[in-house]
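Participant: Let me begin by handing over the structure; questions about it come next.
The values are calculated or read from the model by the stated rules, or taken from the named source; none is laboratory data. All figures in this text were calculated on a predicted structure; none of them were measured in a lab. Here Cβ is always computed from backbone atoms with ideal geometry, including for glycine, and neighbour counts include all displayed protein chains. Areas reflect the complete protein model, heavy atoms only, side chains present, ligands, DNA and RNA absent. Shrake-Rupley method; radii C 1.70, N 1.55, O 1.52, S 1.80 Å.
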Amino acid sequence: MRFLGILLIVLASLGPLPALSTPSPKRAAAGDVAPKVAALMARMTLAEKIGQLNFASLAFPYELQLEEVRQGRIGNMLNVVNPDHLRQFKEAVQQSRLRIPMLYGIDAVYAFRVAFPVPIAWAATWKPELAELAARMVALEAAQDGINLTFAPMVDISRDPRWGRVIEGAGEDPLLASAFAAARVRGYRAGGLATAAKHFVGYGAPEGGRDYNGAQIPTAELFDRYIPPFEAAIAAGTETVMASFNTVNGVPVTANRWLVTDVLKTRLGFDGLVMSDFVAIPELMNHGVAADLAQASRKALHAGIDLDMAGRAYDRHLDALVKDRSLPMTEIDAAVRRVLTVKYRMGLFADSPLPREVPPAPSDARVREAARAVARESFVLVKNNGATLPITPQSGTVALIGAAALSTNDHSWYGPARLEKPKTETLKAALEARLGSGQRLLFAEGFADPCGVSFKDKAAAVETARAADLVVLVLSEDCTVSGEGTSRAHLGLSGVQQQMLDALVAAGKPIALVVETGRPLALTDAHAKAAALMIAWQPGTEGRTALAEVLTGEFAPSGKLPMTFPRSIGQVPISYSDLPTSRPSTADRYTTGYIDEASTPLYPFGHGLSYTTFAYSGLAVSAPGMGRAGAIEIRVDVQNTGLRAGQEVVQLYTRQLVAARSRPVRELKGFQKIALAPGERKTVRFTLKAADLAYHDDAGKAVIEPSPFRVFVGGSSSADLEGGFQISDEQTLTSE
Ligand code: BGC
């Protein structure tokens, strides 16, 4: 059986794209490996056990670390990407007394060699199979060199675009994020890596969007919003979970026994291992919950943190803590058992029930093709007045403006130094190759750098615009400000990009604006001035080629926003799924406004246009109601009413009208991406179980209440086709 998954991967790598779902590798059950783990632990010294809890980060010169591996004091390494270094660590393991294989972990998130678009762009496809494909390809590349664990997927929900790490996740919605969490876990695992779902939990809700800040999350919300993607990752087989750096309700997760042991391990039934984040155990002193490293170590282990990532805390202190009886040996044993269980289940030992097999490397062309397929479906066309896009021969002369159009930056974090960086086509070259003969493409850099920090001959850019019929302006979010530790207090265009936009508007030609960004920006002014606006995210190695394909209409855009775009920073956080307020009583969405700002966001969650239009009709609910164990079917007809083929993401939202707690004005409960030829009509069906409508009370208990519900179906969270049903205790209403 174990070869089946590999065989399917090989076959899939020969088939046409997108080659989607592949079964994840089989893993032995925890119970099956328990006797082996117990036998090994019986042979281990305390020092060797503590070594298994030590996840050391490569530090140069690394000879000392090699020696510690030989002594059994380091049981796992992160950030070893050079195959020569990896080989030396593997040799050192063979020279150790028990030869226990190590975890080799890196952040192979969306790029190893070829860069895929960033993960928020994966979510913008609303096609989890594409995320699975991307994750599998990244993992396949990384696994060839001996890496066996990726610190991904990040499954943190965030409603605050000021937080830079929204780039690594799937946005604001628990249902969408859960679908992508599961798909990413399946993909990385099918590519030969174990996964780390991170950062458990609430890391995406730091106060003010400031990275590492504490989060205040009521228990009900924790279970309704932040925990579901972790449950999805666990169900999909993640072997490890990484704890969050920050405090949740005042207690750092790294020292939070309720969250790590009671909730994650006991209630959610997670039987893999939990690692700290980078140096998070020593940082318990910064949080002010530990006086010294010994206390930090004791608190973290007691909380349920099995692996100490880069902290050298367990390594230095667990031995003494056991010997002076401040720490029961059972807690060390429990952590070691989890680490060894994961290693056995991953197949790392020679006598593992299912030995690990690294699937063969895909061809370079295959990975690039996958990267392009993901990019194509990730772009979100948020505005398109008068069919400004796509660029056709009727568009006339096109002026491409912006140094970003010359950029070959694929935005990958790093690649293995020994491998040549793959070539990234510029948008300018990709567009030149695609415009019809006879159609002129003019070009002006406009900026001295791709992120528009300063001008380079602004006057020439304006002249170029004047000479054209259509201006395509490419702007990038400041290149330094996405990712970890890059929260923003301003969400406008960076550098002098706004001034360039204003100057080009004065030239009087329609502007199609392309924005490369890692997060939602406040683009209210740009929206008003541009005739068309495309969110291109950070599109990766094949991204600019895919962008040219979509701008010229070879492929129609089909992305939808996985996060709300605010009008202004003052609106943040704003989400389609806020709770209703008492005033105004009639409004049903975005009820709380400001006197100096509209109550609605610039672009709602789920918004995105195509080059065609879609009409929704015939919403039908299969029964007027259902019991608490029941299900109903919701049906809607969707028709392509334009002249071009396109894909639409059909979205289903509900609202519970009466409940013990206020319920969100809308909640996403289903989505399907469908392709429609011009004029074509399809009936889309959703099954909605009463259990899908459960929510959590203050104690974190799931409840399904009798209540009337509204249901909304459409192409965004503003969907206005509306129906209703009841959940009732009356069995006569059910369709069970
Ligand atoms: C990040 C993690 C990452 C780790 C290792 C930390 O700073 O928060 O997400 O996996 O570093 O690179």
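Participant: Please enumerate the residues belonging to region 261-290 that are within 15 Å of the ligand (Cβ to nearest atom) and farther than 21 Å from TYR212 by Cα.
Facilitator: Of everything in region 261-290, just one residue is within 15 Å of the ligand (Cβ to nearest atom) and farther than 21 Å from TYR212 by Cα, namely LEU273.
Participant: Need the failing condition index for PHE180 against (1) closer than 24 Å to ARG338 by Cα; (2) buried (at least 24 other Cβ atoms within 10 Å of the Cβ), just the number.
Facilitator: Unmet for PHE180, out of (1) closer than 24 Å to ARG338 by Cα; (2) buried (at least 24 other Cβ atoms within 10 Å of the Cβ): (1).
Participant: Additional query: Kindly indicate whether ASP173 is surrounded by 24 or more Cβ atoms within 10 Å (Cβ to Cβ) and either modelled with pLDDT under 95 or in contact with a Ser or Thr (Cβ under 8 Å, 6 or more places away or on another chain) (or both).
Facilitator: yes
Conditions (1) surrounded by 17 or more Cβ atoms within 10 Å (Cβ to Cβ); (2) among the β-branched types (Val, Ile, Thr), marked per residue:
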| position | (1), (2) |
| --- | --- |
| MET242 | yes, no |
| ASN246 | yes, no |
| LEU259 | yes, no |
| LEU264 | yes, no |
| ARG267 | no, no |
| PHE270 | yes, no |
| ALA303 | yes, no |
| THR330 | no, yes |
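Participant: Moving on. From (1) open to solvent by 10 Å² or more (accessible area, probe 1.4 Å); (2) under 30 Å from LEU491 (Cβ atoms); (3) within 16 Å of the ligand (Cβ to nearest atom), pick out the condition that doesn't hold for PRO128.
Facilitator: So PRO128 meets the others, but not (3).
Participant: Keeping to region 264-300, report how many residues are in contact (Cβ under 8 Å) with a residue 60 or more places away in the chain and of a type in the set (A, V, I, L, M, F, W, C).
Facilitator: 5
Participant: So, VAL358, is that one of a type in the set (Val, Ile, Thr) and open to solvent by less than 10 Å² (accessible area, probe 1.4 Å) or not?
Facilitator: Criteria not met by VAL358.
Participant: Name the single residue, out of those in region 700-718 being more than 14 Å from LEU619 (Cβ to Cβ) and in a loop (DSSP other than H, G, I, E, B), that is most open to solvent (accessible area, probe 1.4 Å).
Facilitator: My answer is LYS701.
Participant: Yes or no: PHE112 buried (at least 24 other Cβ atoms within 10 Å of the Cβ) and either out of contact with any Phe, Trp or Tyr (no Cβ under 6 Å at 6 or more places or on another chain) or not assigned by TED's automatic domain parsing to the domain that holds ARG519 (or both)?
Facilitator: Considered against the rule, which asks whether it is buried (at least 24 other Cβ atoms within 10 Å of the Cβ) and either out of contact with any Phe, Trp or Tyr (no Cβ under 6 Å at 6 or more places or on another chain) or not assigned by TED's automatic domain parsing to the domain that holds ARG519 (or both), PHE112 comes out as yes.
Participant: Restricting to region 185-205, name every residue that is within 16 Å of the ligand (Cβ to nearest atom) and open to solvent by 10 Å² or more (accessible area, probe 1.4 Å).
Facilitator: ALA205
Participant: In region 199-222, how many residues are in a loop (DSSP other than H, G, I, E, B) and of a type in the set (Gly, Ala, Ser)?
Facilitator: Matching residues across region 199-222 total 4.
Participant: Within region 678-699, take every residue that is open to solvent by 40 Å² or more (accessible area, probe 1.4 Å) and of a type in the set (A, V, I, L, M, F, W, C) and give me the one that is modelled with the lowest pLDDT.
Facilitator: Here the residue is ALA699.
Condition check ((1) over 26 Å from PRO117 (Cα atoms); (2) modelled with pLDDT of 95 or more) across all residues:
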site: ALA507; (1), (2): yes, yes
site: VAL515; (1), (2): no, yes
site: ALA531; (1), (2): no, yes
site: MET534; (1), (2): no, yes
site: THR541; (1), (2): no, yes
site: GLU554; (1), (2): no, yes
site: ILE569; (1), (2): no, yes
site: VAL572; (1), (2): no, yes
site: SER582; (1), (2): yes, no
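Participant: Here's another thing I want to ask about it. So, GLY347, is that one within 16 Å of the ligand (Cβ to nearest atom), out of contact with any Cys (no Cβ under 6 Å at 6 or more places or on another chain) and either part of a helix (DSSP H, G or I) or small (Gly, Ala, Ser) (or both) or not?
Facilitator: no
Participant: Residues of region 272-301 being among the small types (Gly, Ala, Ser), buried (at least 24 other Cβ atoms within 10 Å of the Cβ) and more than 26 Å from the chain's Cα centre (by Cα), which ones?
Facilitator: Scanning region 272-301 gives ALA296, SER297, ALA300.
Participant: Scan the strands (runs of 3 or more DSSP E) fully inside region 391-490 and keep the ones with 2 or more residues being open to solvent by 20 Å² or more (accessible area, probe 1.4 Å).
Facilitator: 441-444
Participant: Do we have any residue at all in region 57-68 that's over 30 Å from CYS479 (Cα atoms), open to solvent by 10 Å² or more (accessible area, probe 1.4 Å), in the same structural domain as ARG189 (by TED's automatic domain parsing) and among the aromatic types (Phe, Trp, Tyr)?
Facilitator: yes
Participant: Counting just the residues of region 88-106 that are under 15 Å from LEU340 (Cα atoms) and assigned to a loop (DSSP other than H, G, I, E, B), which one comes out nearest to the ligand (Cβ to nearest atom)?
Facilitator: So the residue we want is MET102.
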